[in-house]
Amino acid sequence: MSVRKIKAPKKPSKTILPSAYPQMTSAAAMGLLQALRNPQVCADAARIIADKAEDLRHAVLGHVSRMEQAARDFDLPAVFEQAHEIRGLAGNAGLAATGRIANGLCKYLDATQRAGVKPERSLVVLHLEAIARAARAEDEATRLGNTVANELAVLVDKKLAEINDSATG
Amino acid sequence: MSGATFGYLKALVIEDNVHMRTLLRSLLVALGMKQVYEAANGADALEILRDKRPDLILSDLSMKPMDGIAFTREVRLMEDSPNPYVPIIMVTGHTERHRVEAARDAGVTEFLAKPITAQNLFLRIAEIVERPRPYVRCENYFGPDRRRRAEENYTGPLRRHEDNGGETESI
């Protein structure tokens with residue numbers, strides 16, 4: 001005799017409306033909204049980000065050195081970790097192309113790890129070299145940096161599609 | 001929730017990278033927040049959460065020993081959570097879909113992708129203040145309603161109990 005599994009009925013979900021949970025007072029909310037819309041506050045905040053760029057650029061260069069060391073040690077998780085730090089900081093350091101290339105490397109390493117396939121060494125090396133070169137360039141925002149970032153992005157997309165195909169096929 | 005006026009609002013910044021942490025803190029101070037606390041990971045942040053009870057949290061995703069997803073889950077689900085409804089903005093460089101979905105399913109309120117801009121950060125905070133979302137409690141989730149709006153032309157699966165004729169309870 002076969003035993004039929006009976007699915008237990010789902011418990012109803014409970015919705016808690018904003019009026020029923022603790023929030024900041026309306027006076028505080030009003031003050032905060034005024035500050036958020038104050039052009040002077042917005043300009044000051046934008047200047048704070050711009051002023052931080054040089055510090056962040058030094059930080060990115062430190063992560064690039066650590067990423068290169070991790071690559072020499074064949075420590076792929078550490079390469080990912082450093083590339084992730086780079087993609088997080090590079091944009092605010094004025095290193096947009098570096099950030100895009102690091103993002104591509106992270107996406108690729110993440111996809112290979114999830115699919116349980118070995119990353120292609122040549123693709124990883126290509127990214128490592130491009131990241132290092134772009135981050136250390138005097139003027140990273142050159143057409144060259146952006147071209148390299150674009151071409152590597154196309155390559156990564158192609159590899160991600162291959163990984164996806166082999167996983168679903 | 002603290003203080004009657006804006007000056008008394010408290011914020012917590014959780015970020016393992018000291019440069020990014022300082023930057024986020026400076027932006028909140030520029031906004032006029034006087035009490036901005038910092039933590040380098042989720043475990044340290046839980047201590048501050050209990051002690052200081054912030055009104056707003058900005059959290060990174062990747063941190064050790066406790067990352068932003070585990071931290072959010074703890075805030076939302078632990079029995080002695082000081083405020084399971086506290087808004088959490090996840091500030092992250094992660095663009096992989098599965099990570100974003102994991103953060104959403106842990107109960108994150110808003111996402112802010114790096115590189116950060118003052119405009120984007122302020123928009124997320126304004127969204128939280130102006131349009132606070134209902135919270136949903138069900139068998140496997142507690143957090144802000146993940147359905148941001150009712151799509152008239154939605155054709156995907158209807159997974160909620162009430163979608164299939166069941167009842168929901170609103171308070």
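Quick notes on this one:
- Residue within the range B:54-64 that is of a type outside the set (A, V, I, L, M, F, W, C), within 14 Å of the chain's Cα centre (by Cα) and within 27 Å of A:ALA102 (Cα to Cα) present: yes
- Some residue of the range A:61-68 being of a type in the set (Asp, Glu), assigned to a helix (DSSP H, G or I) and within 19 Å of B:LYS114 (Cα to Cα): no
- Filter result for B:LYS52 (of a type in the set (Lys, Arg), surrounded by fewer than 20 Cβ atoms within 10 Å (Cβ to Cβ) and closer than 24 Å to B:GLY143 by Cβ): yes
- Among the numbered conditions (1) touching a strand residue (DSSP E or B) at 6+ places or on another chain (Cβ under 7 Å); (2) facing chain A (nearest Cβ under 8 Å); (3) not aromatic (Phe, Trp, Tyr), the only one that B:GLU139 does not meet is (1).
- Search result, residues across the range B:33-74 that are without any contact (Cβ under 8 Å) to a residue 40 or more places away in the chain, more than 23 Å from B:LYS114 (Cβ to Cβ) and touching a strand residue (DSSP E or B) at 6+ places or on another chain (Cβ under 6 Å): B:GLN35
- Subset tally (residues that are out of contact with any strand residue (DSSP E or B) (no Cβ under 8 Å at 6 or more places or on another chain), within 15 Å of B:ILE57 (Cβ to Cβ) and more than 9 Å from chain A (Cβ to nearest Cβ)) for the range B:75-125: 3
- Conditions (1) surrounded by fewer than 19 Cβ atoms within 10 Å (Cβ to Cβ); (2) on the phi < 0 side of the Ramachandran plot; (3) of a type in the set (Gly, Ala, Ser); number of the one not met by A:GLY94: (2)
- Some residue of the range A:139-158 being touching a helix residue (DSSP H, G or I) at 6+ places or on another chain (Cβ under 8 Å), modelled with pLDDT under 95, at positive phi and of a type outside the set (A, V, I, L, M, F, W, C): no
- Single residue of the range A:14-42 satisfying the filter (over 15 Å from B:VAL29 (Cα atoms) and among the aliphatic types (A, V, I, L, M)) that is surrounded by the most Cβ atoms within 10 Å (Cβ to Cβ): A:MET24
- Filter result for A:LEU32 (within 7 Å of chain B (Cβ to nearest Cβ), in contact with a Phe, Trp or Tyr (Cβ under 6 Å, 6 or more places away or on another chain), hydrophobic (A, V, I, L, M, F, W, C) and part of a helix (DSSP H, G or I)): yes
- Considering the range B:56-74, and only residues there that are modelled with pLDDT under 95 and farther than 14 Å from B:VAL91 by Cα, the residue that is farthest from the other protein chains (Cβ to nearest Cβ) turns out to be B:MET66.
- Taken together, the residues in the range A:56-86 that are within 13 Å of another protein chain (Cβ to nearest Cβ), crowded, with 18+ Cβ neighbours inside 10 Å and hydrophobic (A, V, I, L, M, F, W, C) amount to 6.
The values are calculated or read from the model by the stated rules, or taken from the named source; none is laboratory data. Bear in mind the structure is a predicted one, so any value in this text is a computation, not a measurement. Neighbour counts run over all protein chains shown; Cβ positions are idealised from the backbone, glycine included.
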